[in-house]
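J.: Shown below is the structure under consideration.
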Amino acid sequence: MNVADSERLSRALEKLGYNETNSVDDADLIVLNTCVVRQSAEDKALGRLNSLKQLKANNPNLIIALMGCLVGIKGNPALEKRYPWVDAFAAPSDPEAILRAIQEKHTAIFAPLSNVSDDDITGLLREEFGIHAGSLHAVSENLPIVLGCSHACAYCIIPSKRGKERSRDPKRIVEEAKTMVARGAKEIVLLGQIVDRYGLDRNDGVHLAELLKMVNDIDGLERIRFLTSHPNYFTMDMIKAVATLPKVMPHIELPIQAGDDGVLKAMRRGYTNAQYREIIARIRDLMPNVSIGTDIIVGFPGESEAAFEETYKLLADLKLDVAHLARYSPRPGTYSERLLVDDISAEEKMRRFRRLETLQKQVVGDINQRFLGQAVPVLFEGRAKGKWRGRSPHNRLVFVESNEHLLGQVRDVHIDWAGPWSLLGTLA
Ligand code: SAH
(Lines give C-alpha, C1' and ligand atoms only; values in the text may rest on other atoms or scores of the structure.)
Protein backbone atom coordinates (compact mmCIF):
# COMPACT_ATOMS: atom_id res chain seq x y z
CA MET A 1 0.00 0.00 0.00
CA ASN A 2 2.89 2.33 0.78
CA VAL A 3 4.56 1.51 -2.51
CA ALA A 4 1.29 2.32 -4.25
CA ASP A 5 0.99 5.63 -2.37
CA SER A 6 4.59 6.53 -3.25
CA GLU A 7 4.06 5.73 -6.92
CA ARG A 8 0.91 7.81 -7.06
CA LEU A 9 2.63 10.72 -5.36
CA SER A 10 5.59 10.47 -7.77
CA ARG A 11 3.15 10.88 -10.65
CA ALA A 12 1.44 13.84 -9.05
CA LEU A 13 4.83 15.50 -8.47
CA GLU A 14 5.97 14.75 -11.99
CA LYS A 15 2.82 16.41 -13.24
CA LEU A 16 3.74 19.49 -11.22
CA GLY A 17 7.09 19.60 -12.99
CA TYR A 18 9.43 17.76 -10.66
CA ASN A 19 12.01 15.30 -11.99
CA GLU A 20 13.34 12.29 -10.16
CA THR A 21 16.93 12.52 -8.85
CA ASN A 22 19.19 9.61 -8.09
CA SER A 23 20.57 11.10 -4.91
CA VAL A 24 19.00 12.80 -1.90
CA ASP A 25 21.82 15.38 -2.04
CA ASP A 26 20.44 16.73 -5.32
CA ALA A 27 16.80 16.81 -4.23
CA ASP A 28 14.72 19.93 -3.62
CA LEU A 29 11.89 17.81 -2.30
CA ILE A 30 12.22 14.65 -0.25
CA VAL A 31 9.20 12.63 0.79
CA LEU A 32 9.78 9.91 3.35
CA ASN A 33 6.85 7.51 3.22
CA THR A 34 6.67 5.52 6.41
CA CYS A 35 5.40 2.24 7.87
CA VAL A 36 4.88 1.53 11.57
CA VAL A 37 3.43 -1.98 11.47
CA ARG A 38 6.32 -3.17 13.64
CA GLN A 39 8.73 -1.26 15.91
CA SER A 40 11.59 -2.11 13.53
CA ALA A 41 9.84 -0.29 10.67
CA GLU A 42 9.22 2.76 12.85
CA ASP A 43 12.86 2.82 14.03
CA LYS A 44 14.05 2.62 10.46
CA ALA A 45 11.80 5.50 9.38
CA LEU A 46 12.95 7.75 12.24
CA GLY A 47 16.60 6.84 11.63
CA ARG A 48 16.26 7.82 8.00
CA LEU A 49 14.44 11.01 8.89
CA ASN A 50 17.21 12.07 11.28
CA SER A 51 19.81 11.48 8.58
CA LEU A 52 18.06 14.04 6.34
CA LYS A 53 18.24 17.00 8.73
CA GLN A 54 21.72 18.15 7.72
CA LEU A 55 20.59 18.46 4.07
CA LYS A 56 18.43 21.39 5.15
CA ALA A 57 21.56 23.34 6.05
CA ASN A 58 23.00 22.91 2.54
CA ASN A 59 19.81 23.72 0.67
CA PRO A 60 17.41 26.22 2.25
CA ASN A 61 14.85 25.54 -0.49
CA LEU A 62 14.66 21.89 0.39
CA ILE A 63 11.25 20.60 1.37
CA ILE A 64 11.32 17.56 3.62
CA ALA A 65 7.98 15.81 3.95
CA LEU A 66 6.99 12.93 6.12
CA MET A 67 4.14 10.77 4.87
CA GLY A 68 2.29 7.64 5.86
CA CYS A 69 1.58 5.75 9.04
CA LEU A 70 4.13 7.57 11.21
CA VAL A 71 1.89 10.60 10.68
CA GLY A 72 -1.42 8.72 10.61
CA ILE A 73 -4.85 9.81 9.47
CA LYS A 74 -5.45 11.94 12.56
CA GLY A 75 -2.09 13.72 12.39
CA ASN A 76 0.66 13.52 14.99
CA PRO A 77 1.22 16.75 16.99
CA ALA A 78 3.97 15.18 19.14
CA LEU A 79 5.92 14.30 16.01
CA GLU A 80 5.42 17.79 14.54
CA LYS A 81 6.81 19.29 17.74
CA ARG A 82 9.78 16.95 17.75
CA TYR A 83 10.65 17.65 14.10
CA PRO A 84 10.10 21.38 13.52
CA TRP A 85 12.39 21.26 10.46
CA VAL A 86 10.04 18.90 8.65
CA ASP A 87 7.94 20.98 6.22
CA ALA A 88 4.94 18.72 5.75
CA PHE A 89 3.24 15.89 7.57
CA ALA A 90 0.97 13.93 5.23
CA ALA A 91 -1.48 11.19 6.19
CA PRO A 92 -1.38 7.80 4.43
CA SER A 93 -2.80 7.94 0.86
CA ASP A 94 -3.27 11.70 1.22
CA PRO A 95 -0.68 14.06 -0.30
CA GLU A 96 -2.52 17.27 0.48
CA ALA A 97 -0.03 18.54 3.10
CA ILE A 98 2.86 18.03 0.68
CA LEU A 99 1.18 19.93 -2.12
CA ARG A 100 0.41 22.78 0.29
CA ALA A 101 4.10 22.95 1.29
CA ILE A 102 5.05 23.10 -2.38
CA GLN A 103 2.62 25.92 -3.01
CA GLU A 104 4.09 27.83 -0.08
CA LYS A 105 7.78 27.19 -0.52
CA HIS A 106 8.58 26.32 -4.10
CA THR A 107 6.50 28.78 -6.13
CA ALA A 108 9.46 31.12 -6.62
CA ILE A 109 11.73 28.36 -7.90
CA PHE A 110 9.33 26.03 -9.64
CA ALA A 111 7.20 27.65 -12.27
CA PRO A 112 5.01 24.57 -12.78
CA LEU A 113 2.35 25.52 -10.27
CA SER A 114 1.60 28.62 -12.28
CA ASN A 115 1.38 26.47 -15.43
CA VAL A 116 -1.01 24.03 -13.87
CA SER A 117 -4.60 25.16 -13.69
CA ASP A 118 -6.38 25.35 -10.37
CA ASP A 119 -8.56 22.48 -11.54
CA ASP A 120 -5.53 20.27 -12.05
CA ILE A 121 -4.20 21.09 -8.62
CA THR A 122 -7.56 20.29 -7.09
CA GLY A 123 -7.53 17.06 -9.09
CA LEU A 124 -4.14 16.18 -7.71
CA LEU A 125 -5.46 16.68 -4.22
CA ARG A 126 -8.33 14.29 -4.72
CA GLU A 127 -8.51 10.69 -3.53
CA GLU A 128 -7.13 9.26 -6.78
CA PHE A 129 -4.19 11.63 -6.68
CA GLY A 130 -1.88 11.53 -9.62
CA ILE A 131 -3.25 8.41 -11.19
CA HIS A 132 -3.93 9.98 -14.57
CA ALA A 133 -0.85 12.18 -14.46
CA GLY A 134 2.76 11.79 -15.43
CA SER A 135 4.62 9.32 -17.57
CA LEU A 136 6.07 6.99 -14.96
CA HIS A 137 4.77 3.51 -15.46
CA ALA A 138 5.49 -0.08 -14.67
CA VAL A 139 4.65 -3.48 -16.12
CA SER A 140 2.92 -4.36 -12.87
CA GLU A 141 0.88 -1.58 -11.27
CA ASN A 142 -0.57 -1.38 -7.77
CA LEU A 143 -4.14 -0.19 -7.51
CA PRO A 144 -5.64 0.46 -4.06
CA ILE A 145 -9.32 -0.52 -3.96
CA VAL A 146 -10.00 -0.51 -0.22
CA LEU A 147 -8.46 2.22 1.93
CA GLY A 148 -8.15 1.87 5.69
CA CYS A 149 -9.34 -1.07 7.78
CA SER A 150 -12.04 -1.55 10.41
CA HIS A 151 -11.13 -4.99 11.64
CA ALA A 152 -9.16 -4.18 14.81
CA CYS A 153 -7.02 -7.30 15.17
CA ALA A 154 -5.61 -7.10 18.73
CA TYR A 155 -2.00 -6.55 17.65
CA CYS A 156 -2.48 -4.27 14.65
CA ILE A 157 -1.87 -0.53 14.48
CA ILE A 158 -2.98 -0.08 10.87
CA PRO A 159 -6.69 0.73 11.50
CA SER A 160 -5.74 3.62 13.80
CA LYS A 161 -3.20 4.95 11.27
CA ARG A 162 -5.10 4.47 8.01
CA GLY A 163 -8.60 5.12 9.26
CA LYS A 164 -11.80 3.20 8.79
CA GLU A 165 -12.49 0.96 5.84
CA ARG A 166 -13.47 2.78 2.61
CA SER A 167 -14.05 0.79 -0.57
CA ARG A 168 -13.52 2.92 -3.63
CA ASP A 169 -16.06 3.37 -6.44
CA PRO A 170 -15.85 0.39 -8.84
CA LYS A 171 -16.30 2.67 -11.88
CA ARG A 172 -13.30 4.74 -10.82
CA ILE A 173 -11.24 1.64 -10.19
CA VAL A 174 -11.98 0.28 -13.66
CA GLU A 175 -11.23 3.68 -15.20
CA GLU A 176 -7.88 3.84 -13.38
CA ALA A 177 -7.09 0.28 -14.40
CA LYS A 178 -7.76 1.21 -18.04
CA THR A 179 -5.48 4.24 -17.74
CA MET A 180 -2.74 2.01 -16.36
CA VAL A 181 -3.16 -0.46 -19.21
CA ALA A 182 -3.17 2.34 -21.80
CA ARG A 183 0.13 3.47 -20.29
CA GLY A 184 1.64 0.01 -20.72
CA ALA A 185 0.76 -1.97 -17.61
CA LYS A 186 0.30 -5.71 -18.21
CA GLU A 187 -0.55 -6.64 -14.65
CA ILE A 188 -2.68 -4.92 -12.04
CA VAL A 189 -2.47 -5.73 -8.35
CA LEU A 190 -5.64 -4.77 -6.46
CA LEU A 191 -4.82 -3.72 -2.91
CA GLY A 192 -6.63 -3.58 0.39
CA GLN A 193 -5.81 -4.35 4.01
CA ILE A 194 -8.64 -6.86 3.78
CA VAL A 195 -9.14 -6.88 0.05
CA ASP A 196 -11.88 -9.54 0.05
CA ARG A 197 -14.06 -7.18 2.10
CA TYR A 198 -14.15 -4.93 -0.98
CA GLY A 199 -17.64 -3.48 -1.45
CA LEU A 200 -19.10 -4.70 1.85
CA ASP A 201 -19.19 -1.08 3.08
CA ARG A 202 -20.96 0.06 -0.11
CA ASN A 203 -24.43 -0.72 -1.38
CA ASP A 204 -24.00 -1.14 -5.12
CA GLY A 205 -23.65 -4.92 -4.82
CA VAL A 206 -20.19 -4.94 -6.40
CA HIS A 207 -17.98 -7.18 -4.28
CA LEU A 208 -14.46 -8.35 -5.05
CA ALA A 209 -15.59 -11.27 -7.24
CA GLU A 210 -17.66 -8.86 -9.42
CA LEU A 211 -14.86 -6.29 -9.51
CA LEU A 212 -12.42 -8.99 -10.66
CA LYS A 213 -14.82 -9.78 -13.52
CA MET A 214 -14.95 -6.11 -14.51
CA VAL A 215 -11.16 -5.76 -14.49
CA ASN A 216 -10.81 -9.10 -16.27
CA ASP A 217 -12.72 -7.59 -19.23
CA ILE A 218 -10.14 -4.86 -19.86
CA ASP A 219 -8.49 -5.38 -23.24
CA GLY A 220 -4.71 -5.45 -23.23
CA LEU A 221 -4.46 -6.40 -19.58
CA GLU A 222 -2.74 -9.77 -19.11
CA ARG A 223 -2.78 -10.45 -15.40
CA ILE A 224 -4.65 -9.57 -12.22
CA ARG A 225 -3.58 -10.18 -8.63
CA PHE A 226 -5.13 -9.05 -5.36
CA LEU A 227 -3.99 -8.87 -1.75
CA THR A 228 -4.45 -9.39 1.15
CA SER A 229 -7.49 -11.58 1.88
CA HIS A 230 -8.99 -12.45 5.27
CA PRO A 231 -10.16 -16.08 5.70
CA ASN A 232 -13.62 -15.03 6.92
CA TYR A 233 -14.48 -13.18 3.72
CA PHE A 234 -12.97 -15.58 1.20
CA THR A 235 -16.29 -16.87 -0.09
CA MET A 236 -17.13 -19.58 -2.60
CA ASP A 237 -17.77 -16.74 -5.10
CA MET A 238 -14.16 -15.65 -4.65
CA ILE A 239 -12.83 -19.19 -5.05
CA LYS A 240 -14.84 -19.54 -8.26
CA ALA A 241 -13.66 -16.15 -9.53
CA VAL A 242 -10.01 -17.14 -9.12
CA ALA A 243 -10.69 -20.55 -10.66
CA THR A 244 -12.56 -19.27 -13.72
CA LEU A 245 -11.40 -15.76 -14.63
CA PRO A 246 -8.53 -16.26 -17.07
CA LYS A 247 -6.55 -13.15 -16.11
CA VAL A 248 -6.76 -13.70 -12.36
CA MET A 249 -3.54 -15.44 -11.37
CA PRO A 250 -3.63 -18.64 -9.29
CA HIS A 251 -2.15 -17.11 -6.15
CA ILE A 252 -4.03 -16.23 -2.96
CA GLU A 253 -2.65 -14.39 0.08
CA LEU A 254 -4.60 -15.63 3.08
CA PRO A 255 -2.97 -14.87 6.44
CA ILE A 256 -3.66 -17.20 9.37
CA GLN A 257 -1.34 -15.36 11.86
CA ALA A 258 -1.26 -18.27 14.37
CA GLY A 259 -2.21 -21.93 14.56
CA ASP A 260 -3.51 -22.12 18.12
CA ASP A 261 -7.19 -21.38 18.76
CA GLY A 262 -6.50 -19.60 22.06
CA VAL A 263 -3.96 -17.31 20.41
CA LEU A 264 -6.27 -16.71 17.43
CA LYS A 265 -9.02 -15.71 19.84
CA ALA A 266 -6.71 -13.36 21.75
CA MET A 267 -5.64 -11.90 18.41
CA ARG A 268 -9.34 -11.34 17.59
CA ARG A 269 -8.97 -12.93 14.19
CA GLY A 270 -12.46 -14.44 14.15
CA TYR A 271 -11.73 -18.01 12.98
CA THR A 272 -10.22 -21.23 14.29
CA ASN A 273 -7.42 -23.48 13.09
CA ALA A 274 -10.03 -25.98 11.84
CA GLN A 275 -11.95 -23.29 9.94
CA TYR A 276 -8.77 -22.10 8.23
CA ARG A 277 -7.90 -25.65 7.20
CA GLU A 278 -11.46 -26.03 5.88
CA ILE A 279 -11.11 -22.94 3.69
CA ILE A 280 -7.77 -24.14 2.31
CA ALA A 281 -9.38 -27.52 1.56
CA ARG A 282 -12.28 -25.84 -0.24
CA ILE A 283 -9.87 -23.75 -2.33
CA ARG A 284 -7.72 -26.76 -3.23
CA ASP A 285 -10.80 -28.79 -4.05
CA LEU A 286 -11.48 -26.49 -6.99
CA MET A 287 -7.85 -25.56 -7.71
CA PRO A 288 -5.47 -28.33 -6.63
CA ASN A 289 -2.32 -26.48 -7.69
CA VAL A 290 -3.20 -22.95 -6.67
CA SER A 291 -0.47 -21.08 -4.82
CA ILE A 292 -1.34 -19.92 -1.29
CA GLY A 293 0.55 -17.46 0.87
CA THR A 294 0.06 -16.74 4.54
CA ASP A 295 1.27 -14.39 7.29
CA ILE A 296 2.37 -15.62 10.71
CA ILE A 297 3.17 -13.74 13.90
CA VAL A 298 5.27 -15.69 16.41
CA GLY A 299 5.52 -14.78 20.09
CA PHE A 300 2.12 -13.15 20.55
CA PRO A 301 1.49 -12.58 24.30
CA GLY A 302 0.78 -15.86 26.06
CA GLU A 303 1.82 -18.05 23.12
CA SER A 304 3.01 -21.21 24.91
CA GLU A 305 5.37 -23.73 23.40
CA ALA A 306 2.39 -26.00 22.75
CA ALA A 307 0.51 -23.15 21.08
CA PHE A 308 3.49 -22.43 18.85
CA GLU A 309 3.63 -26.11 17.89
CA GLU A 310 0.10 -25.72 16.49
CA THR A 311 1.44 -23.10 14.07
CA TYR A 312 4.40 -25.33 13.19
CA LYS A 313 2.09 -28.28 12.59
CA LEU A 314 -0.28 -26.22 10.47
CA LEU A 315 2.51 -25.07 8.15
CA ALA A 316 3.93 -28.61 8.01
CA ASP A 317 0.50 -30.06 7.17
CA LEU A 318 -0.80 -27.48 4.71
CA LYS A 319 2.46 -26.91 2.82
CA LEU A 320 1.64 -23.37 1.76
CA ASP A 321 3.64 -21.66 -0.96
CA VAL A 322 4.69 -18.58 1.01
CA ALA A 323 4.78 -17.70 4.70
CA HIS A 324 5.54 -14.09 5.62
CA LEU A 325 6.94 -14.48 9.13
CA ALA A 326 7.01 -11.76 11.79
CA ARG A 327 7.95 -11.60 15.46
CA TYR A 328 5.29 -9.98 17.62
CA SER A 329 5.96 -6.29 18.20
CA PRO A 330 3.73 -4.38 20.65
CA ARG A 331 2.29 -1.30 18.92
CA PRO A 332 1.16 1.73 20.89
CA GLY A 333 -2.57 1.99 21.45
CA THR A 334 -3.44 -1.48 20.18
CA TYR A 335 -5.51 -3.83 22.31
CA SER A 336 -2.64 -6.26 22.89
CA GLU A 337 -0.18 -3.51 23.80
CA ARG A 338 -2.54 -2.01 26.37
CA LEU A 339 -3.95 -5.15 27.94
CA LEU A 340 -1.52 -8.02 27.41
CA VAL A 341 2.07 -8.52 28.57
CA ASP A 342 4.72 -9.00 25.88
CA ASP A 343 5.94 -12.06 27.74
CA ILE A 344 7.85 -14.00 25.09
CA SER A 345 11.54 -13.03 25.12
CA ALA A 346 13.26 -11.69 22.03
CA GLU A 347 15.46 -14.81 21.93
CA GLU A 348 12.45 -17.11 22.07
CA LYS A 349 10.63 -15.16 19.34
CA MET A 350 13.75 -15.49 17.20
CA ARG A 351 13.98 -19.22 17.89
CA ARG A 352 10.34 -19.74 16.83
CA PHE A 353 10.84 -17.52 13.79
CA ARG A 354 13.90 -19.55 12.73
CA ARG A 355 12.12 -22.89 13.21
CA LEU A 356 9.29 -21.78 10.90
CA GLU A 357 11.75 -20.30 8.44
CA THR A 358 13.67 -23.59 8.21
CA LEU A 359 10.46 -25.58 7.83
CA GLN A 360 9.08 -23.27 5.17
CA LYS A 361 12.32 -23.28 3.16
CA GLN A 362 12.05 -27.08 3.00
CA VAL A 363 8.33 -26.99 2.08
CA VAL A 364 8.72 -24.41 -0.70
CA GLY A 365 11.93 -26.04 -1.98
CA ASP A 366 9.94 -29.26 -2.41
CA ILE A 367 6.90 -27.59 -3.98
CA ASN A 368 9.07 -25.73 -6.48
CA GLN A 369 10.56 -28.99 -7.78
CA ARG A 370 7.26 -29.56 -9.58
CA PHE A 371 8.08 -26.68 -11.94
CA LEU A 372 11.35 -28.32 -13.04
CA GLY A 373 11.30 -29.25 -16.70
CA GLN A 374 7.98 -27.46 -17.20
CA ALA A 375 7.26 -24.48 -19.42
CA VAL A 376 5.64 -21.67 -17.41
CA PRO A 377 4.38 -18.33 -18.76
CA VAL A 378 6.43 -15.52 -17.25
CA LEU A 379 5.62 -11.81 -17.27
CA PHE A 380 8.92 -9.92 -17.41
CA GLU A 381 9.14 -6.87 -15.16
CA GLY A 382 12.74 -5.79 -15.36
CA ARG A 383 16.38 -6.76 -15.11
CA ALA A 384 18.48 -7.88 -12.16
CA LYS A 385 22.10 -9.03 -12.03
CA GLY A 386 22.44 -9.34 -15.78
CA LYS A 387 19.26 -11.39 -16.20
CA TRP A 388 15.63 -10.71 -17.01
CA ARG A 389 13.38 -10.93 -13.96
CA GLY A 390 9.73 -11.91 -14.11
CA ARG A 391 6.93 -13.72 -12.31
CA SER A 392 5.19 -16.99 -13.01
CA PRO A 393 1.40 -17.28 -12.57
CA HIS A 394 2.06 -18.74 -9.09
CA ASN A 395 4.01 -15.57 -8.26
CA ARG A 396 7.42 -17.26 -8.32
CA LEU A 397 10.40 -15.09 -9.25
CA VAL A 398 11.90 -16.38 -12.50
CA PHE A 399 15.27 -15.34 -13.94
CA VAL A 400 16.21 -15.79 -17.59
CA GLU A 401 19.29 -14.89 -19.60
CA SER A 402 18.39 -13.46 -22.98
CA ASN A 403 19.52 -10.80 -25.43
CA GLU A 404 15.93 -10.13 -26.42
CA HIS A 405 14.07 -7.19 -24.93
CA LEU A 406 11.53 -9.00 -22.77
CA LEU A 407 10.12 -6.14 -20.67
CA GLY A 408 6.32 -6.34 -20.48
CA GLN A 409 6.13 -9.58 -22.43
CA VAL A 410 4.58 -12.84 -21.29
CA ARG A 411 6.78 -15.66 -22.59
CA ASP A 412 6.95 -19.38 -21.93
CA VAL A 413 10.04 -20.26 -19.93
CA HIS A 414 11.46 -23.73 -19.58
CA ILE A 415 12.45 -24.14 -15.92
CA ASP A 416 15.98 -25.55 -15.55
CA TRP A 417 16.61 -24.93 -11.86
CA ALA A 418 14.24 -24.54 -8.92
CA GLY A 419 15.24 -23.26 -5.48
CA PRO A 420 13.01 -22.19 -2.60
CA TRP A 421 13.06 -18.47 -3.44
CA SER A 422 13.44 -18.39 -7.23
CA LEU A 423 13.48 -20.33 -10.47
CA LEU A 424 15.95 -20.18 -13.37
CA GLY A 425 15.03 -20.97 -16.92
CA THR A 426 15.49 -20.45 -20.65
CA LEU A 427 13.02 -19.04 -23.15
CA ALA A 428 11.01 -21.94 -24.55
N1 SAH B 1 -4.12 -6.28 6.56
C2 SAH B 1 -3.39 -7.42 6.19
C3 SAH B 1 -1.90 -7.28 6.39
C4 SAH B 1 -1.40 -6.10 7.11
S5 SAH B 1 0.16 -5.95 7.84
C6 SAH B 1 -3.95 -8.60 6.96
O7 SAH B 1 -4.71 -8.42 7.88
O8 SAH B 1 -3.58 -9.70 6.65
C9 SAH B 1 1.07 -7.28 7.31
C10 SAH B 1 1.39 -8.27 8.38
O11 SAH B 1 2.14 -7.69 9.43
C12 SAH B 1 0.19 -8.85 9.10
O13 SAH B 1 -0.45 -9.82 8.35
C14 SAH B 1 0.84 -9.42 10.34
O15 SAH B 1 1.31 -10.73 10.14
C16 SAH B 1 2.01 -8.49 10.57
N17 SAH B 1 1.79 -7.65 11.74
C18 SAH B 1 0.81 -6.74 11.95
N19 SAH B 1 0.92 -6.21 13.18
C20 SAH B 1 1.99 -6.80 13.76
C21 SAH B 1 2.61 -6.66 15.04
N22 SAH B 1 2.13 -5.84 15.96
N23 SAH B 1 3.71 -7.39 15.29
C24 SAH B 1 4.20 -8.26 14.36
N25 SAH B 1 3.66 -8.41 13.14
C26 SAH B 1 2.56 -7.70 12.84
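The values are calculated or read from the model by the stated rules, or taken from the named source; none is laboratory data. Here the structure is a predicted model, which means the values were calculated and not measured. A quick note on method: Cβ atoms are made from the backbone with ideal geometry, for glycine too, and the neighbour counts reach across all protein chains shown. Side chains are part of the model used for accessible areas, which takes the heavy atoms of the whole protein and leaves out ligands, DNA and RNA. Shrake-Rupley method; radii C 1.70, N 1.55, O 1.52, S 1.80 Å.
J.: Multiply the residue separation of D317 and K53 by 0.36 nm, subtract the distance between their alpha-carbon atoms, and state the gained length in nm to one decimal. Write out the running numbers ahead of the final one.
T.: Numbers: separation 264, 0.36 × 264 = 95.04 nm, distance 5.03 nm.
Result: 90.0 nm gained on full extension.
J.: Now, a different point. For the modelled label position 7 Å from the Cα of H324 along Cα-to-Cβ, which residues of the stretch 29-55 have backbone nitrogen atoms closer than 18 Å?
T.: 33-45
J.: Given charges of +1 on the Cβ of Lys and Arg and -1 on the Cβ of Asp and Glu, with all other atoms neutral, how large is the dipole of the chain about its Cα centre, in debye to the nearest 20?
T.: Computed about the Cα centre, the dipole is about 460 debye.
J.: Still on this structure, please answer the following. Given labels modelled 7 Å from the Cα in the Cβ direction, how far is it in nm from N403 to D366?
T.: Between N403 and D366, the simple spin-label model gives 4.3 nm.
J.: Suppose R0 equals 51 Å. What FRET efficiency, 1/(1 + (r/R0)^6) with r the Cβ-Cβ distance, do R100 and A281 give to the nearest 0.05?
T.: That pair, R100 with A281, gives E of 0.45.
J.: Checking the table K164/K265; K164/K240; K186/K213 against a 24 Å threshold on Cα-Cα, which pairs fail?
T.: K164/K240
J.: In the stretch 371-407, which trypsin sites (Lys or Arg not before Pro) fall in coil by DSSP and have 14 or fewer other Cβ atoms within 10 Å? Don't skip to the end; give the middle numbers.
T.: Working: sites: R383, K385, K387, R389, R391, R396; in loops: K385, R396.
Sites meeting the loop and neighbour criteria: K385.
J.: Separate question: Take T21 and R202, extend 7 Å from each Cα along the Cα→Cβ direction, and tell me the distance between the two endpoints in nm.
T.: 4.0 nm
J.: May I ask you to order 318-330, 408-420 by the average number of other C-beta atoms within 10 Å around their residues, highest value first?
T.: For the peptides 318-330, 408-420, the packing ranking is 318-330, 408-420.
J.: List the cysteines in the chain whose Cβ has no other cysteine Cβ under 4.7 Å from it.
T.: C35, C69, C149
J.: If I require 24 Å or longer along the helix axis, counting alpha carbons, and a Kyte-Doolittle average no lower than 1.0, what helices from the chain are left? Use full DSSP H segments.
T.: Numbers: long enough: 39-58 (31 Å, -0.93); 346-368 (32 Å, -1.06).
Membrane-span-like by this criterion, though nothing is claimed about a membrane: none.
J.: Give me the accessible area per residue for the chain, probe 1.4 Å, as a whole number in Å².
T.: Ligands and nucleic acids excluded, the figure is 45 Å² per residue.
J.: Starting from 0.36 nm per residue, how many nanometres of slack lie between W421 and S40 once their C-alpha separation is accounted for?
T.: Gain in length upon complete extension: 134.8 nm.
J.: So what's the net charge close to S229: Lys and Arg +1, Asp and Glu -1, counting the other residues with Cβ under 12 Å from its Cβ?
T.: Local charge sum for S229: -1.
J.: Carbon and sulfur together cover what percent of the accessible area of the chain at a 1.4 Å probe radius?
T.: It is 50 percent, rounded to a whole number.
J.: Tell me the Kirkwood hydrodynamic radius of the stretch 159-288 in angstroms, computed as one over the mean inverse distance between distinct C-alpha pairs.
T.: 15.8 Å
J.: Could I ask something else about it? Given the Cα atoms of the chain, and with Rh set as the inverse mean 1/r over their pairs in the Kirkwood sense, what is Rg to Rh to two decimals?
T.: Values: Rg = 22.5 Å, Rh = 23.3 Å.
Here Rg/Rh amounts to 0.97.
J.: In nm, what is the difference between 0.36 nm times the number of residues separating R183 and E337 and their Cα-Cα distance?
T.: Separation in residues times 0.36 nm, less the Cα-Cα distance, equals 51.0 nm.
J.: To continue, here is another question. Step through the table entries K105/K161; K361/K387; K313/K361; K319/K361, compare each Cα-Cα distance with 18 Å, and write down the pairs that go over it.
T.: Values: K105/K161 27 Å; K361/K387 24 Å; K313/K361 15 Å; K319/K361 11 Å.
Beyond 18 Å: K105/K161; K361/K387.
J.: Helix-derived [θ] at 222 nm for the chain: sum -39500 (n - 2.57) over DSSP H runs of at least 4, divide by residue count, nearest 500?
T.: Counting only the DSSP helices, I get -11500 deg cm²/dmol.
J.: With unit charges on the beta carbon (Lys/Arg positive, Asp/Glu negative), name the residue among S329, G205, G184 whose Cα is farthest towards the positive pole of the charge dipole of the stretch 140-369.
T.: Value computed over the given set: G184.
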